[in-house]
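The values are calculated or read from the model by the stated rules, or taken from the named source; none is laboratory data. Fair warning: this is a prediction, and the values are worked out from it, not measured in the lab. For neighbour counting, all protein chains shown are included, and Cβ atoms are generated from backbone atoms with ideal geometry for every residue, glycine included. In case anyone asks, the SASA skips ligands and DNA or RNA and just uses the protein heavy atoms, side chains included. Shrake-Rupley method; radii C 1.70, N 1.55, O 1.52, S 1.80 Å.
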Amino acid sequence: MALVARVVLAVLVFTLAGCNGGTVDRHTLKRDAEKVASLASEGELLANDVSKGASTKSFVRVHAKELSGAAAGFEKSLAKRPTSPGMTADVRKLSKLAGKVSRELEQLHLHPTDREVAASLEQPLMDAANAADKLAK
């Protein structure tokens, strides 16, 4: 389990490197929306595992914190980055969505063994992943 967490963390670090600069154009929005969708999907899978009692407390705490931090980075970055003409509304919408994902994952971090909390987060995280996917199109 610890090896899986390290691999996922390494992939996240490399994937998210360089996502906080420059003007957001259509391509950048698509890429960032796909990443937010991925964070939400991974969070949903983690919440599902917790709701079934299939993950350890330590793994959930660390992994949920890393996912939450990555989503928070998107929220902050997308809230202030300049955008190509006509892109501002979608970029800011993605920023708010990333913030929502971050807060939901933070709840999982704070309650890593609470099956009810985890179960209550599954659908919102799935909905967020779907919403981000729509912004990526």
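Summary table below
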| item | result |
| --- | --- |
| Cβ-Cβ under 6 Å pairs, at least 6 apart or on other chains, segment 80-99 side closer than 12 Å to Val36 by Cβ, far side at pLDDT 95 or above and of a type in the set (Asp, Glu) | Ser95/Glu75; Ala98/Glu75; Gly99/Glu75 |
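Table: residues versus (1) part of a helix (DSSP H, G or I); (2) small (Gly, Ala, Ser); (3) open to solvent by 40 Å² or more (accessible area, probe 1.4 Å).
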residue: Ala64; (1), (2), (3): yes, yes, no
residue: Asp90; (1), (2), (3): yes, no, yes
residue: Ala98; (1), (2), (3): yes, yes, no
residue: Glu104; (1), (2), (3): yes, no, no
residue: Val117; (1), (2), (3): yes, no, no
residue: Met126; (1), (2), (3): yes, no, yes
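Here's the yes/no breakdown for (1) modelled with pLDDT of 50 or more; (2) of a type in the set (Asp, Glu); (3) part of a helix (DSSP H, G or I):
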| position | (1), (2), (3) |
| --- | --- |
| Ala5 | yes, no, yes |
| Ala10 | no, no, yes |
| Thr15 | no, no, yes |
| Gly22 | yes, no, no |
| Ala33 | yes, no, yes |
| Ala37 | yes, no, yes |
| Ser41 | yes, no, yes |
| Leu45 | yes, no, yes |
| Asp49 | yes, yes, yes |
